[in-house]
Each structure stands twice: as C-alpha cells, then as structure tokens.
Amino acid sequence: MKKQVSTTEAPGAIGPYSQAIIANGFVFLSGQVALDPASGQLVEGDIEAQTERVMANLGAVLKASGSSFDKVVKTTVFLKDMGEFARMNAVYAKFFPAPPPARSTVEAARLPRDVRVEIDLIALAP
C-alpha cells in the first residue's frame, strides 16, 4: 500500500508524479529544484542559493510526510557543473546530522529549467 504526500510549502508536481510517496516504511521524495513555492519562480543566484532553496523544499515535503532530515537514508544529487560540488556540499552538509545519509552525486547534461542542482531522497517514514 502506498500513500501520496503533498504540500503547498514546496513546488507542486508538474506532471504525472507525486511530491512524495510513503510505502513500506520509507518516504520516497521526488527531485526538488530551486523553485520558490509561493511564486513558482526559479530562485536566481549561485549554487549556494539554489541548494538552500532545494533543501528548504525537501524539508517541507519531509515535514508533510511526518519525517525529517535526521531520518534520511539516501540522497541523489544532480549537478549542472561538478566544479560546484564543494560549494553545494557546504550547504548540503548543514542539513544532515551525523551520520549523514548515503549519497550519489552526478553531473547532468541538463536539468529542468536549467537549474544548477536537483536533489531527491529517501527517508524513514514516521
């Protein structure tokens, strides 16, 4: 059995997918980009600004699911430019208490709306 998670505190799904699904004791969050949920506009700025917005969006979906950053077990980070890894990582690290989740990071040829970063994750369900 699966349960859909949705919140207006993060950008809505643009297409046939959910912000998150709870199933088998886990919460599976779709990738988030640096869209402001209030305006629907892309957050302009450097990799740090975009990563902060992405993490805020993920946090809102986690909260709506009843989970939190300390329950995240796996993330996938998609970067436009791997040269920005260290700067993204400095922001990312602030959101995860020890031990941090497992992670994969890849450089993508092109991301939605030409953003610099997209992150998805899996967390333990409440």
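Computed from point charges on the beta carbon alone (+1 for Lys and Arg, -1 for Asp and Glu), the dipole magnitude for the chain about its Cα centre is near 480 Debye.
Are there chymotrypsin sites (Phe, Trp or Tyr not before Pro) in the stretch 13-48 that DSSP puts in a loop and that have at most 11 other Cβ atoms within 10 Å, and which ones? Sparse-neighbourhood loop chymotrypsin sites (Phe, Trp or Tyr not before Pro): TYR17.
Expressed as a whole percent, the accessible area of the chain that falls on carbon and sulfur atoms is 55 (1.4 Å probe).
Close amide H pairs (under 5 Å, H built 1.01 Å from N) link ALA20 with VAL5, SER30, residues at least 5 positions away or on another chain. Its relative contact order, with pairs defined as Cα atoms under 8 Å and 6+ residues apart, puts the chain at 32 percent.
Remark on ARG103: its backbone amide H falls under 5 Å from those of THR75, a criterion applied only to residues 5 or more positions apart or on other chains, H modelled at 1.01 Å from N.
With springs only between Cα atoms under 10 Å apart, run a GNM on the chain and tell me which of GLN32, GLN50, GLN41 wobbles the most. Of GLN32, GLN50, GLN41, the most mobile in the Gaussian network model is GLN41. Once the chain from ARG113 to LYS94 is taken as fully extended at 0.36 nm per residue, the excess over their C-alpha distance is 4.3 nm. Does anything in the stretch 3-38 have its amide N under 18 Å from the 7 Å Cα→Cβ label point of ARG103, and if so which residues? Within reach of a label on ARG103, which here means backbone N under 18 Å from a point 7 Å along Cα→Cβ, the stretch 3-38 contributes 29-34.
In degrees from 0 to 90, rounded to the nearest 10, what is the angle of the helix 47-65 Cα long axis to the longest principal axis of the chain? The angle comes out near 0 degrees.
For GluC sites (Glu not before Pro), the sites in the stretch 1-106 that DSSP calls loop and that have at most 11 other Cβ atoms within 10 Å are GLU44. Fully extending the segment from SER68 to ARG87, taken as 0.36 nm per residue of separation minus the present Cα-Cα distance, adds 4.5 nm. Who wins for biggest fluctuation among ALA56, ALA23, ALA38 in a Gaussian network model of the chain, springs between alpha carbons below 10 Å? Among ALA56, ALA23, ALA38, the largest GNM mean-square fluctuation belongs to ALA38. Shape of the chain from its Cα gyration tensor (a ≥ b ≥ c, root eigenvalues): rounded if a/c is under 1.5, otherwise prolate when a/b > b/c, or oblate? The shape class here is oblate.
Just going by the charge dipole of the chain, with Lys and Arg at +1 and Asp and Glu at -1 on Cβ, which of ILE47, SER6, VAL106 is farthest out on the positive end? Comparing the listed Cα positions along the dipole, SER6 ranks first.
The values are calculated or read from the model by the stated rules, or taken from the named source; none is laboratory data. Please read all numbers here as calculations on a predicted model, not as lab measurements. With ideal geometry, Cβ positions are generated from the backbone for all residues, glycine too; neighbour counts draw on all protein chains shown. Remember, those area values only see protein heavy atoms, side chains included, never the ligands or the DNA or RNA. Shrake-Rupley method; radii C 1.70, N 1.55, O 1.52, S 1.80 Å.
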